[in-house]
Structure formats: structure tokens, C-alpha cells
Amino acid sequence: MKILVTGGAGFIGSNFVYYLLKKYPEYKVVCLDMLTYAGNLETLEDALKNENFTFVKGDITDRDFVFDLFSSEGFDVIVNFAAESHVDRSIEDPGVFLKTNILGTQVLMDASREYPVKRFHQVSTDEVYGDLPLDRPELFFVEDTPLHTSSPYSASKASADLLVLSYFRTFKLPVTISRCSNNYGPYHFPEKLIPLMISRALKDESLPVYGKGENVRDWLYVEDHCSAIDLIIHKGRVGEVYNIGGHNERTNLQVVKTILAELGKPESLIHYVTDRPGHDMRYAIDPTKIKEELGWEPETKFDDGIKLTVKWYLEHKSWWENILNGEYQNYFDKMYQDR
Ligand code: NAD
Ligand code: TYD
């Protein structure tokens, strides 16, 4: 079995590479990644020592390059993680989101038709459903909740989902889609809420909480996302969408306060800043379908996962300090100076 993992130098993709190499020592795993600001080869340092793993630097929107790669490698399964993934950046500059997330997905699917694969799996997000109101805790996203996007990021992911389903219906491409809630864990780029707060609190810097901090996210430990995708690519039904989430809803303020308590830092570091435009209020997944069809259940509860994550960031300071000392610092200054 030869699996192409696109975006495997990013947060979830790299965790999935390690998950595959550990669980299936006989599989060949190829990572295709352009190494944008979010991709980091240092993350794959251990994988690169494994003879069943190959890294290829390239852009999923580069049709000739992608077709050549598919022709020479002959993949069985494609798992597409490659994307622009940060909502705030999509508000600043939507164009690259449309290019990578929609057109890149099209190129990968066209190559999968030309050089047939057993499965094309699209890694999507619960953000395609828009948001739920805070005063209706009984509501959850199910697979046929209408798509109702709020940000250029989520609109680009929803567009890609529609394109993927159209390739199933029209061309019989054997696709599956997963829509997961917010992930956290090792190798999470420190522009996202949890690693941003851990890395800043460790340096006693202020913690920028958008609005009142009452927005709710449904947090899933990244390894549980990996195990769900593993089940879907091996046992999921083609043409189907699977929601992934583990009923771990927290307000942003609860998350930040948990991190502060874990690190023994004062809540006075919290600094309320101007809200994100179009900020989604609540995400919450109903995972009944993947549980009943594929027997998936998350293993890590938020209170345990956040401890593991804080420990990982304490033990891997050089990984995130290298990022913070680089080009990322300019982004932070630009994004937060006037808030
Ligand atoms: P990330 O930003 O950490 O990583 C994205 C990776 O894609 C990077 O390594 C980057 O270099 C690569 N990439 C970007 N553009 C590329 C291109 N044109 N060609 C090749 N590689 C390119 O993102 P992540 O958080 O790991 O998310 C991975 C996927 O999972 C995304 O599709 C995202 O929409 C989805 N997702 C993320 C979450 C979450 O909480 N992070 C939740 C649900 C779904
Ligand atoms: P983020 O990690 O960007 O994920 P997403 O927007 O895809 O859910 O943000 C998670 C939540 O944290 C979201 O409600 C926005 C909020 N947030 C802050 O309050 N401060 C910050 O500096 C960041 C990056 C996010």
C-alpha cells in the first residue's frame, strides 16, 4: 500500500504521517508539501529516518508536477491535508485560500482520475457548517447540516467539499470526506489558539482573547483525528461524508484559563482584544455516524489532552521558538498591533 499524504509537514498531516508509519510498518508513505510558512521539515525529522517514508517538496496546484508525481509513484490512497488553514489569514488575504484549497484539490483529483487510486480522501472541517448559537446547546452539526460558511477559509473548504462530491457523482472517483472539529496537540503552529497561548504564557506575554472569549470550540486531540481518518480510508463508504468530534466543548476563555492553571501562570495575562470579523460562535459535532458505522471513538478527553499538549510544548521549546524567531514574528506584530 502506498499512501500520499499532502500537507504532511503541517500540524495534522505530520501527526498522520507518524501515525501511519507506526501502525503500518509495511506501508510506503509519501509526503507532498510546499513548505509554506506553516510547513516545517524539522517536524518530519524522525520520519525522514524511516526508509518507507519519502518527502517531496511541491505545490498541489502545480498540475504538471503533480501529474508527474502520480505517474511515477502509482499511489493507492491520497489523503489531502494540504491547505491554507488559518481563518485570520483568510480575512487578510483570501486569494491563496481559494487557489490552494479549491484548485489544489481539483488538481489532485484530476491526477487521481488519470492515474487511478483506490481512495481519494479529503480532510475537511466542521467550519463548513457555519456556526451554532450559544443559547441552543442541544444543536449539533450532522453530515447533512446545510453548508453555511462564514470566513473565506471555510468557504474555500466548503467549495472543495462540493467539488469532491461532484467528482464522485460525475466521474465515480472513489472519494470520502471527513469534517473534523478543532484539533490540538504536538506540532500545532503557534498562530492557533492553544499553542499561541501556551508559547506566550511561557514567556509571560499578554494573551490576546478575541471579544469576550465566550466562543465555543469542540476540541479533539490530534491522534483521535488520525485514528478516524485511518478508519475512513480503510473501511469508510465511498461518496460519504463523516463528521469527527468528541464532545469536548469549551469556551475560549475556559481553554486559556486551563492552560494558565497548567503552567502556573496568572490570569492577569489575559488581554481582551477586538473581535475577529464574522467570528463563529459555536462549533459542535455529532459523531454518531462514524461511531455507528466504523466504531470510532475518541480516546483522549480534553482535560488529559491539554496536559499532554502543554507537556509537549515544554519539552519541545526549540521547535516553536525557531518558528517564533522567524518570519512569523512579523505576522504577529501586523495582526495584533491595532487590536
Ligand atoms: P497547517 O496549516 O498546519 O498545515 C498545512 C500544510 O499544507 C503545511 O505543511 C503547508 O506547507 C502545506 N501546504 C499549504 N499549501 C500547499 C500547497 N499549495 N501545496 C502543498 N502543500 C501545501 O494545517 P493543519 O491544521 O494541519 O490542517 C490540515 C488540514 O486539516 C487542512 O485541510 C484543514 O482545513 C483541516 N482541518 C484542520 C483542523 C484544525 O483544527 N487544525 C480541523 C479540521 C480540519
Ligand atoms: P483558531 O485556533 O484560529 O481556530 P478556528 O478559528 O479555526 O476555530 O481559534 C480558535 C478560537 O480562538 C476562535 O474562536 C478564535 C479564538 N482566538 C482568540 O481568541 N485569540 C487568538 O489570538 C486566536 C488565534 C484565536
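The values are calculated or read from the model by the stated rules, or taken from the named source; none is laboratory data. From a predicted model like this one, the values you see are computed outputs, not experimental measurements. Cβ coordinates were reconstructed from backbone atoms using ideal geometry, including for glycine residues, and neighbour counts include every protein chain displayed. The accessibility values were calculated without ligands, DNA or RNA, using every heavy atom of the protein model including side chains. Shrake-Rupley method; radii C 1.70, N 1.55, O 1.52, S 1.80 Å.
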Review point. Does region 108-125 hold any residues that are part of a helix (DSSP H, G or I) and buried (at least 20 other Cβ atoms within 10 Å of the Cβ), and which are they?
Key: Leu108, Met109, Ala111, Ser112
Point to revise | Those residues of region 244-284 which are of a type in the set (A, V, I, L, M) and either away from ligand 1 (no atom under 15 Å from the Cβ) or in contact with a Ser or Thr (Cβ under 7 Å, 6 or more places away or on another chain) (or both), in sequence order | key: Ile244, Leu253, Val256, Ile259, Leu260, Ala261, Leu263, Leu269, Ile270, Val273, Met281
**Study point:** Complete set of residues in region 211-227 that are within 20 Å of Gly130 (Cβ to Cβ) and not in a loop (DSSP other than H, G, I, E, B)
**Key:** Val216, Arg217, Asp218, Leu220
Exercise for review: Select, from Thr300, Thr309, the only residue that is at negative phi, surrounded by 14 or more Cβ atoms within 10 Å (Cβ to Cβ) and either without any contact (Cβ under 8 Å) to a residue 60 or more places away in the chain or in a loop (DSSP other than H, G, I, E, B) (or both).
Suggested key: Thr300
Practice item. Scan region 168-184 residue by residue and report those that are crowded, with 18+ Cβ neighbours inside 10 Å and more than 22 Å from Glu293 (Cβ to Cβ). Key: Asn182, Tyr184
Check your understanding: Which of the residues belonging to region 185-210 are open to solvent by 30 Å² or more (accessible area, probe 1.4 Å), within 10 Å of ligand 1 (Cβ to nearest atom) and not in a loop (DSSP other than H, G, I, E, B)?
Key -> Leu193
Practice item. Considering every residue within region 68-84, establish whether at least one is farther than 22 Å from Tyr27 by Cα, part of a helix (DSSP H, G or I), within 16 Å of ligand 2 (Cβ to nearest atom) and of a type in the set (A, V, I, L, M). Key: no
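Quick grid of which residues meet (1) among the charged types (D, E, K, R); (2) more than 9 Å from ligand 2 (Cβ to nearest atom); (3) more than 22 Å from His247 (Cα to Cα):
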{"position": "Arg136", "(1), (2), (3)": "yes, yes, no"}
{"position": "Phe140", "(1), (2), (3)": "no, yes, no"}
{"position": "Ser151", "(1), (2), (3)": "no, no, yes"}
{"position": "Phe171", "(1), (2), (3)": "no, yes, yes"}
{"position": "Tyr184", "(1), (2), (3)": "no, no, no"}
{"position": "Tyr187", "(1), (2), (3)": "no, yes, yes"}
{"position": "Pro195", "(1), (2), (3)": "no, no, no"}
Point to revise | Considering residues of region 67-94 that are out of contact with any strand residue (DSSP E or B) (no Cβ under 9 Å at 6 or more places or on another chain) and among the β-branched types (Val, Ile, Thr) only, the residue surrounded by the fewest Cβ atoms within 10 Å (Cβ to Cβ) | key: Ile91
Exercise for review: Could you figure out which of (1) among the β-branched types (Val, Ile, Thr); (2) over 30 Å from Leu163 (Cβ atoms); (3) in contact with a strand residue (DSSP E or B) (Cβ under 8 Å, 6 or more places away or on another chain) isn't true of Val241?
Suggested key: (2)
Practice item. Using the structure shown, decide if Lys2 is touching a residue at least 40 places away in the same chain (Cβ under 8 Å) and over 23 Å from Glu127 (Cβ atoms). Key: yes
